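Just below is one structure, and these are the notes that go with it.
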Amino acid sequence: MMSKIFFSADHHFGHKNIIKYCDRPWHDRDSMDDDLINLWNATVPEDGVVFYAGDFSFRGTGETMAIMEQLNGTKHLIRGNHDTNVQEGVLKQFASILDYTAIHVEELSQHIVISHYPFRTWEKMHYGAWQLHGHSHGKLPPMGGQLDIGIDRAAALLGQYRPFNLLEIQEHIGSANEPSDAPKTTQQHCNKAA
C-alpha cells in the first residue's frame, strides 16, 4: 500500500526573487505558482497528509488562502523564517502549526523529526531517527539521516518541484548513523539570502 504521507518546504509562493536566487525555471511568479500547485496536486491525493517545513508564501492573505484551497491534502505547518507574519485566516487553513514536530511512522517503524532548520543533532538520532528540514534550498551538504525536503532539493533529486512521498524520503535519506563525508562549508542560501 502506498503511503499517503508527504513532506515539503520552501515553495515561496509569490516570491519573484526566489526564481533568480535559486535558478528556478520560471520567468514570473504567477507561472511558478500555477505550476507548483499542479505539481503538488499531481503528487498529493485529496486524502493525503503533508508535513510542510516552512516558507510557504510571500503573497497577501487572500491570495495565499486561494492557493491553500487549491492544494490537496491535510497540511501541517512547521513554521519557517518567512512564516512569522502569516495572517490568521491563512493559519486556519493548516491542521496544525508548530515550530518543530516529531512523528512516528508505523509502516516504517521510523521516528522523524521535522523543522524548518537543519539540526546538527536531533531527538533519537542515535537510534536511527531522521531529520527533515527546509531553509537551505538544497545548498547545504547532506548529513546522514537528514534530508532537505524543500522543493529546490526535490527538483535535484526527483526531477520535479514537488513534495516528497515517504518512500522517496526513505530512498534518499541514508542512515542516521552514517557519518557525513560532505565537506565542511558555510551554507549559502541559494545565491542570496531569501
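Any read-out appearing in this document is the output of simple, stated calculations on the displayed coordinates, not a laboratory observation. Remember, predicted model here, so these are calculated numbers, not experimental data. Ideal geometry is used to build each Cβ from the backbone, glycine not excepted, and the neighbour counts take in all protein chains shown.
Numbers for the structure displayed
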| read-out | value |
| --- | --- |
| Cα-projected label distance for Phe119 with Asn17, points at 7 Å along beta-carbon direction, nm | 3.1 nm |
| Selection of chymotrypsin sites (Phe, Trp or Tyr not before Pro), region 111-164, meeting DSSP coil and at most 11 other Cβ within 10 Å | none |
| Stretch gain in nm, segment Gln110-Asp28, where the contour uses 0.36 nm per residue and the Cα spacing is subtracted | 25.6 nm |
| Dipole-positive endmost among Leu39, Gly54, His104 within region 5-173 (Cβ charges, Cα centre) | Gly54 |
| Ellipsoid equivalent to region 5-173 - semi-axes via the Cα gyration tensor, in Å | 24, 17, 15 |
